[in-house]
Structures are given as structure tokens and as C-alpha cells.
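Chemist: Attaching a single structure in C-alpha cells format; questions to follow.
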Amino acid sequence: METPVNGPVESPSQLLSGDHRELDRKFEEFQATPASNMDERRERFDGFATELHRHIVVEERLLFPPFGEGDSSRRLLVELMLDEHRRIEDVLQRIRDRLDSGPRPTEDLESELVNVLWAHNTREEESVYPWFDAHLPVDVVQAVGRELHDPGAKGHGPR
């Protein structure tokens with residue numbers, strides 16, 4: 001991977017794994033918020049869910065297409081990860097619905113989400129992100145960094 005003129009860029013695995021850790025932190029903050037403080041719980045959950053959705057969109061738009069090109073085993077892995085993304089989005093919606101319906105426990109759904117995320121993130125970090133490090137061009141890596149960390153850049157691909 002070549003280094004851009006304006007300095008070194010983090011590798012895709014550094015960017016994406018770091019984002020996983022930040023998402024974990026935000027989810028733990030949500031979980032630590034007392035059920036009696038529904039407004040803060042909902043606000044923390046919405047912040048977490050928005051950031052997780054952003055992460056998913058970046059992966060699906062910028063990263064999964066080149067990963068799945070020309071290799072049937074990688075295409076199957078992309079299909080599995082896309083299915084997991086849909087499951088994650090489904091659990092997020094069920095948590096949101098429960099939070100919106102008043103002070104009801106969400107621990108069962110939180111556990112389901114943690115289990116899906118742990119398996120998914122482990123698969124990505126061990127099997128997919130190393131491929132990104134070795135094969136993605138610098139412009140794509142820079143776009144990933146912009147879209148994960150700059151709210152104004154969301155929805156833009158490599159420039």
C-alpha cells in the first residue's frame with residue numbers, strides 16, 4: 001500500500017477494528033445507563049445504533065464488493081456477513097421498538113446483539129480485514145477513514 005503525500009494512513013484493519021472498539025464502548029455506556037433514565041438510555045442507544053449503521057454501510061459499499069470479486073469462497077463469506085448485518089439491524093430495531101414502548105427490559109435483546117456482534121467482528125478481524133490491508137488501494141482506505149470519522153463525508157466514495 002503506497003503512502004499518500006500528506007502522510008501515512010491507518011490500515012483498514014486499524015480503522016475498522018478501532019471502530020469496533022469504539023462501538024463496543026458506546027454500547028457499554030448504553031448498557032450502564034439505568035433503566036429508570038429512559039431518555040438518556042434512548043439517546044445513548046440511538047447514538048450507538050447510528051454509528052453501527054454507518055460502519056455497516058461503509059463495509060457494504062466500499063469494502064465488501066472488492067473483497068468478493070473473483071473468488072467464490074470470499075463471495076460466500078460476503079453473503080454470510082451481509083446476512084449477519086441484516087440480523088444486527090433487526091435486533092437493533094427490536095431494541096429500539098422496546099425502548100420506544102416504555103420502560104421495558106432489553107437485556108435479552110442486548111445479549112442477542114452482543115452474541116451476533118462478537119461472532120461477526122471476530123470473523124471480520126481474523127478473516128476479512130487482513131485481506132483489506134493487503135489489497136485495498138490507498139484512495140479506498142482514505143475514503144473508509146473519512147466516512148467512519150467525518151460525519152460530513154458520509155455517503156462519499158473514493159475521490
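The values are calculated or read from the model by the stated rules, or taken from the named source; none is laboratory data. Quick caveat, the model's predicted, so the values are computed rather than measured. Glycine also receives a Cβ, built like all others from the backbone with ideal geometry; neighbour counts cover every protein chain displayed.
Chemist: Test L148 against the criterion of being of a type in the set (A, V, I, L, M, F, W, C), modelled with pLDDT of 95 or more and out of contact with any Pro (no Cβ under 8 Å at 6 or more places or on another chain), and give yes or no.
Modeler: no
Chemist: Let me ask something else about it. What number of residues within the stretch 45-87 satisfy the criterion of being farther than 14 Å from V116 by Cα, surrounded by fewer than 19 Cβ atoms within 10 Å (Cβ to Cβ) and among the charged types (D, E, K, R)?
Modeler: Summing the residues that are farther than 14 Å from V116 by Cα, surrounded by fewer than 19 Cβ atoms within 10 Å (Cβ to Cβ) and among the charged types (D, E, K, R) in the stretch 45-87 gives 10.
Chemist: Considering only the stretch 60-113, how many residues are closer than 21 Å to A143 by Cα, of a type outside the set (A, V, I, L, M) and in contact (Cβ under 8 Å) with a residue 60 or more places away in the chain?
Modeler: 3
Chemist: Take residues that are surrounded by 17 or more Cβ atoms within 10 Å (Cβ to Cβ) and among the hydrophobic types (A, V, I, L, M, F, W, C) and tell me which of the helices (runs of 4 or more DSSP H) falling wholly in the stretch 88-157 contain 3 or more.
Modeler: Result: 107-123, 138-149.
Chemist: When you scan the stretch 38-48, do you find a residue that is assigned to a helix (DSSP H, G or I), under 28 Å from Q142 (Cβ atoms) and not acidic (D, E), even just one?
Modeler: So far as the stretch 38-48 goes, yes, one or more of its residues are assigned to a helix (DSSP H, G or I), under 28 Å from Q142 (Cβ atoms) and not acidic (D, E).
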